[in-house]
Amino acid sequence: MNVATQNLLGKSRGELEQHFVTMGEPKFRARQLMRWLYGRGVFQPDEMTDLSLALRARLAGEANFALPEIRDRHDAADGVVKWQLAAGGSQSIETVFIPETRRGTLCISSQVGCALDCSFCATGRQGFNRNLSAAEIVGQVALANRELTAAGQPTVTNVVFMGMGEPLANFRNVVEAISVLTDDLGYGLSRRRVTVSTSGLVPQIYRLAADTRVALAVSLHAPDNELRNELVPINRRHPIEELLPACWDYVERTNTRDATFEYVMLDGVNDSLARARQLARLLRHKPAKVNLIPFNPFTASGYRRSPAAAVDAFRDVLMQAGIMTITRKTRGDDIAAACGQLAGRVDNRVRNPLGGRIQGDQTQGA
Ligand code: SAH
Ligand code: SF4
């Protein structure tokens, strides 16, 4: 591969059409190319037999369709697979495949690290290096499908932006990648099968409704600003009273059923029944459901997972208030592939992105 060429993987149909027009080719070449890339998993121009030999040679010379390079692979006892993928220099990002009976969910990364510094998240601890390109985002799906197909396993049916990074902080590339995931000529995933999880970037939630209609998950983790400021520091900029209206607006404008609120259960921190009642008051009679996530520990996190009984009691309060609540099953934790455990390798370029560490929390390692 010529590294100087442009990677066309992850380009939306419109952008590809434009690309071909610029090359002096008809627009419909974009359709042909997308069928090869996403329909058939063919990434070598010389195998794209419905394109002329001349065009194949030109594409091979001027463009590339490189998938991320696998650095390492880990297989968990429960069938979860984690790939560590090269992200420039010695850095890596992580992608996790979670097989279930009737579906296979791929948890993908959107950034090399994350600048938002949530206190309970291994990715946040690593700091931030850069955004992933649309090619690197879609490339994670292409790569997982290639590896799963080669092993004779069912491929990806659902994609969640719950790996490393804050997807809405890499807005343009994430939206472009979503267009490929949901395009009939791309991966053809219905909008319900693609979920963007955000820590609560309010302006981008409003913008997202103009560009996509995918499922929205919001990392709430606390029902009041005082605690949320501590756990999810971006709350200082976009507090709960601004975040929730943005979610209701998204649901209404995209005509989705509801927004999912993620709530990591931290022993003795946010898991009391009083918090559950407070949360119920916020979400009652709203298009909301709740995912309780048992905290997944990592080295020196300083937090403990809530006991199962506390999680159940918390869930019961929400359910009694009529709020659909499920407890997320922990998968892949024996290979550090569970929610919030993804760390990869990140050369941090951002420290104290929000102007100072949150109180009462450990500072990041060097
Ligand atoms: N940056 C986005 C998406 C990635 S994190 C976001 O914050 O929403 C995906 C989910 O895992 C989020 O809800 C996040 O809060 C949660 N999470 C982070 N660290 C965790 C941990 N150690 N245990 C359990 N869940 C965690
Ligand atoms: Fe970033 Fe999400 Fe982790 Fe917060 S929870 S540090 S936003 S990846």
Cysteines without a disulfide-compatible partner in the chain, using Cβ under 4.7 Å as the rule? 107, 114, 247, 339
Would you kindly calculate the translational diffusion coefficient of region 116-204, applying Stokes-Einstein with the Kirkwood radius from alpha carbon pairs, for 10 °C and a viscosity of 1.306 mPa s, and quote it in µm² s⁻¹ without decimals? 112
Along the Cα→Cβ direction, 7 angstrom out, place labels at residue 190 and residue 286. What is the inter-label distance in nm? 2.7
Less than 26 Å apart at the alpha-carbon level, and either on another chain or at least 8 residues along: which lysines does that give for residue 11? 27, 82
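Output the direction-averaged projected area (hull surface divided by four) of the convex hull of the alpha-carbon atoms of region 47-175, in nm². Intermediate results must be reported in sequence, preceding the final value.
Numbers: hull surface 39.9 nm².
Orientation-averaged projected area of the Cα hull: 10.0 nm².
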Residue 329 versus residue 54: modelled label distance in nm, points set 7 Å from Cα along the beta carbon direction: 5.6
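Average the reciprocal distances over every distinct pair of alpha-carbons in region 153-204, invert the result, and give the Kirkwood radius in Å.
Values: mean 1/r = 0.0851 Å⁻¹.
Hydrodynamic radius (Kirkwood, Cα pairs) of region 153-204 is 11.8 Å.
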Distance histogram in 5 Å bins (all Cα pairs of region 158-240, percent per bin): 3, 15, 25, 22, 16, 10, 5, 3, 1, 0
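Rounded to the nearest 500 deg cm²/dmol, what is the calculated helix-only ellipticity per residue at 222 nm for the chain, with -39500 (n - 2.57) per DSSP H run of length n ≥ 4? Present the calculation step by step, with values, prior to reporting the outcome.
On the way: 11 runs with 116 residues, N = 366.
Mean residue ellipticity at 222 nm (helix-derived): -9500 deg cm²/dmol.
Quick check on the chain: take the gyration tensor over C-alpha atoms, sort the square-rooted eigenvalues as a ≥ b ≥ c, and tell me if it's rounded (a/c under 1.5), prolate or oblate.
Values: a/c = 1.90, a/b = 1.71, b/c = 1.11.
Here the chain falls in the prolate category.
What length, rounded to one decimal in nm, is gained on full extension from residue 172 through to residue 252, with 0.36 nm per residue of separation minus their alpha-carbon distance?
On the way: separation 80, 0.36 × 80 = 28.80 nm, distance 2.22 nm.
Here the answer is 26.6 nm.
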Please enumerate, by chain and number, the lysines with C-alpha under 25 Å from the C-alpha of residue 289, excluding those fewer than 8 residues away in the same chain. 329
Counting just the Cα atoms, what span does region 217-364 cover along each of its three principal axes? Round to the nearest Å and put the largest first. 43, 33, 27
In a GNM of the chain with a 10 Å cut-off on Cα contacts, which of 293, 70, 205 has the highest mean-square fluctuation? 70
Quick one: Debye curve from the alpha-carbon atoms of region 145-290 only, equal weights, vacuum; give me log10 I(q)/I(0) at q = 0.14, 0.17 Å⁻¹ to two decimals. -0.70, -0.96
Running a GNM on the chain with Cα contacts under 10 Å, which residue among 76, 300, 63 ends up with the highest mean-square fluctuation? 300
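Which percent of the Cα-Cα distances in region 45-108 go past 13 Å? Before the final figure, lay out each step's value.
Details: 1439 of 2016 pairs.
Percentage above 13 Å: 71.
What does the charge count near residue 274 come to, summing +1 for each Lys or Arg and -1 for each Asp or Glu among other residues with Cβ under 12 Å from its Cβ?
Numbers: positive: 275, 277, 281; negative: 224, 271.
Around residue 274, the charge tally is +1.
Each value in this text was obtained by applying a stated rule to the coordinates, not by laboratory testing. Because the structure is predicted, anything quoted here is derived from the model rather than measured. Cβ sites come from the backbone with ideal geometry, for glycine too, and all protein chains shown count toward neighbours.
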